[in-house]
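Here is the structure we will look at, set down as structure tokens.
The values are calculated or read from the model by the stated rules, or taken from the named source; none is laboratory data. Model, not experiment: these values are computed from the prediction. Here the Cβ positions follow ideal geometry from the backbone for every residue, glycine too, while neighbour counts run over all protein chains shown. Heavy atoms of the whole protein, side chains included, go into the accessibility calculation; ligands, DNA and RNA do not. Shrake-Rupley method; radii C 1.70, N 1.55, O 1.52, S 1.80 Å.
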Amino acid sequence: MASLEASPLERGLEWDTPLFLMARAQFEQAVPHADVSPMVVERLGFPERAVIVAVPLRRDDGSVEIFPGYRVQHSTVLGPTKGGVRYDPEVSLGECAALATWMTWKCALLRLPYGGAKGGVRCDPRALSPRELERLTRRFTSELVREIGPQTDIPAPDMATNEQTMAWMMDTYSMQKGHAVPEIVTGKPISIGGSVFRREATGAGVVMVAERACARLGRGLAGRRCVVQGFGNVGGVAASELHEKGAVVVAVSDVSGGVYDEGGLDVPDLHAHATEHGSLEGYDRGERITNEELLELPCDVLVLAAREDQLTGANADKVRASLVVEGANGPTTIEADAILAERGIPVVPDILANAGGVTVSYFEWVQDLGRLFWGREEIRARLADKMSDAFDRVYAVAAEKGLTLRQAALVAAIREVAAALEARGLYP
Ligand code: NAD
């Protein structure tokens, strides 16, 4: 891209890992369709701010170990930054930079007054005891106390972090401020200001956009044959919502493999089994299939809700779904995307399809700031409005410019941030 050729940032910085370069490549592919100024392109191509901290942890045996921690804030144009905190051996500056960039697009697409952030600690969470995880979380929060804040950067759970992690972060931050600050994190327990319907929000949002997409393709969701990969927070809820809307869930899977019934699975019974046994392993009311076979089943809607890199150059030509919906982040590789586009199979992209989670996180923050809490039905209705509105805007850009839904979602998101950046101008 001509405008970036001379940029010193372009010549390489510490966040130039394959994942960040992928996020950049997607941005550069979308930018020519977004009609935005070179200033916008320069500014949004890189995170605004990145922090590396060394987090000391006293282990249960009395020894002290130091773990690297990161927080990357991609854009503050629309408001405070928002994004998860993950505990994983692969956490790096580049990974956080890429994920923060995608969070900016996701928030902008849903018209949430946020930019994207991501952070985490490079550690093996399975090797840490619950008490060690608590001390690590509290110290990491303290190290970031100048970076995070209800009006600057609001963390949320991500890989290997959960409601309890958010409760420790909220408590640590509140202790340092001298009063309770529930609005510092989202995804926390309801008892300290968490929101009802947050846990179900991502899976419910996936089904809201799937329904909208089916309607655009001239069909309803009722009676549609659906396959769901992943039976966790996102996939499990998506399967229930599909079932409740009258769709026929013919197959589901988790890390232990899949189960298939041509006539439709009993989703509540699957949940009962998963709750009792911890996974779908041993479920015998249907044919056992592998995850590879599941992705190739003939169906109307294939929901990918497990993890990244599931549809690749090796299997995208075998997909027999009429519509793919990305509940997970990055489940379709760039090669698979091209193959599916060539075959005319629409893919509702992650930044749109799984945005229900961050949207209800935004509702949680708004409720915390106002100290006024909404009911479940109100939250569901507000989420449905936001998801349908975003889907319709993406669909309109795709139709107008002849783009895939993924390209159109990025273009729509970039335009949102660009309009704000143009209005504010470049300081000073
Ligand atoms: P989770 O851990 O609750 O569930 C993941 C599920 O996928 C589990 O059932 C697991 O057994 C299964 N799985 C793992 N590897 C698999 C494989 N190879 N084949 C089939 N199944 C496999 O996680 P989650 O919160 O449901 O997140 C799933 C995806 O959705 C992730 O990509 C995550 O980043 C994304 N996401 C989650 C949220 C949220 O609010 N939880 C929001 C946005 C995006």
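Candidates Ala108, Ala100: the one that is buried (at least 24 other Cβ atoms within 10 Å of the Cβ) and free of Cβ contacts under 8 Å to residues at least 60 places away in the same chain is Ala100.
Look at (1) at pLDDT below 95; (2) of a type outside the set (A, V, I, L, M); (3) not in a loop (DSSP other than H, G, I, E, B) and you find that Glu364 fails only one, number (1). The residue pairs whose first member lies in the stretch 279-303 and is assigned by TED's automatic domain parsing to the domain that holds Gly258, whose second member is open to solvent by 30 Å² or more (accessible area, probe 1.4 Å) and part of a strand (DSSP E or B), and whose beta carbons are closer than 6 Å, counting only pairs six or more residues apart or on different chains, are Gly286/Tyr260; Glu287/Tyr260; Ile289/Tyr260; Pro298/Arg320; Cys299/Arg225; Asp300/Arg225; Asp300/Ser322. Scanning the stretch 333-349 for residues that are open to solvent by less than 30 Å² (accessible area, probe 1.4 Å), of a type in the set (Val, Ile, Thr) and more than 16 Å from the ligand (Cβ to nearest atom) gives a single hit, Ile345. Of everything listed in (1) in contact with a helix residue (DSSP H, G or I) (Cβ under 6 Å, 6 or more places away or on another chain); (2) away from the ligand (no atom under 11 Å from the Cβ); (3) among the basic types (Lys, Arg); (4) open to solvent by 20 Å² or more (accessible area, probe 1.4 Å), the single unmet condition for Lys188 is (4).
Would you call Gly330 surrounded by 24 or more Cβ atoms within 10 Å (Cβ to Cβ), under 16 Å from Gly235 (Cα atoms) and within 16 Å of the ligand (Cβ to nearest atom)? Please lay out each step first, then the result.
Details: surrounded by 24 or more Cβ atoms within 10 Å (Cβ to Cβ): no; under 16 Å from Gly235 (Cα atoms): yes; within 16 Å of the ligand (Cβ to nearest atom): yes.
Answer is no for this residue.
Residues in the stretch 56-76 that are closer than 22 Å to Gln26 by Cα and not in a strand (DSSP E or B): His74, Ser75, Thr76. Does Val91 fit the bill of being at pLDDT 95 or above and more than 15 Å from the ligand (Cβ to nearest atom)? No, not satisfied. When the stretch 287-326 is limited to residues that are touching a Leu at 6+ places or on another chain (Cβ under 6 Å) and not polar (S, T, N, Q), the one that is nearest to the ligand (Cβ to nearest atom) turns out to be Glu326. In the stretch 420-428, is there at least one residue being open to solvent by 10 Å² or more (accessible area, probe 1.4 Å), within 16 Å of the ligand (Cβ to nearest atom), at negative phi and not hydrophobic (A, V, I, L, M, F, W, C)? No, every residue in the stretch 420-428 fails to be open to solvent by 10 Å² or more (accessible area, probe 1.4 Å), within 16 Å of the ligand (Cβ to nearest atom), at negative phi and not hydrophobic (A, V, I, L, M, F, W, C). Apart from one condition, Gly79 fits all of (1) over 22 Å from Thr359 (Cα atoms); (2) over 17 Å from the mean Cα position of the chain (by Cα); (3) in a loop (DSSP other than H, G, I, E, B); the exception is (1). When Val53 is tested against the conditions (1) open to solvent by less than 40 Å² (accessible area, probe 1.4 Å); (2) at pLDDT 90 or above; (3) part of a helix (DSSP H, G or I), the lone failure is (3). Taken as a whole, the stretch 261-268 holds no residue that is among the hydrophobic types (A, V, I, L, M, F, W, C), open to solvent by 40 Å² or more (accessible area, probe 1.4 Å) and free of Cβ contacts under 8 Å to residues at least 40 places away in the same chain.
Test Asp153 against the criterion of being modelled with pLDDT under 95, crowded, with 20+ Cβ neighbours inside 10 Å and not assigned by TED's automatic domain parsing to the domain that holds Ser240, and give yes or no.
Working: modelled with pLDDT under 95: no; crowded, with 20+ Cβ neighbours inside 10 Å: yes; not assigned by TED's automatic domain parsing to the domain that holds Ser240: yes.
Here the answer is no, as Asp153 does not meet what is asked.
In the stretch 222-248, the qualifying residues are those that are surrounded by fewer than 21 Cβ atoms within 10 Å (Cβ to Cβ) and in contact (Cβ under 8 Å) with a residue 60 or more places away in the chain, and the one that is nearest to the chain's Cα centre (by Cα) is Gly232.
Set side by side, the residues Ser142, Ser191, Ser174, Ser195 differ, and just one is assigned to a loop (DSSP other than H, G, I, E, B) and modelled with pLDDT of 95 or more, which is Ser195.
The residues of the stretch 1-22 that are open to solvent by less than 30 Å² (accessible area, probe 1.4 Å) and modelled with pLDDT under 90, listed by number, are Leu4, Ser7, Trp15.
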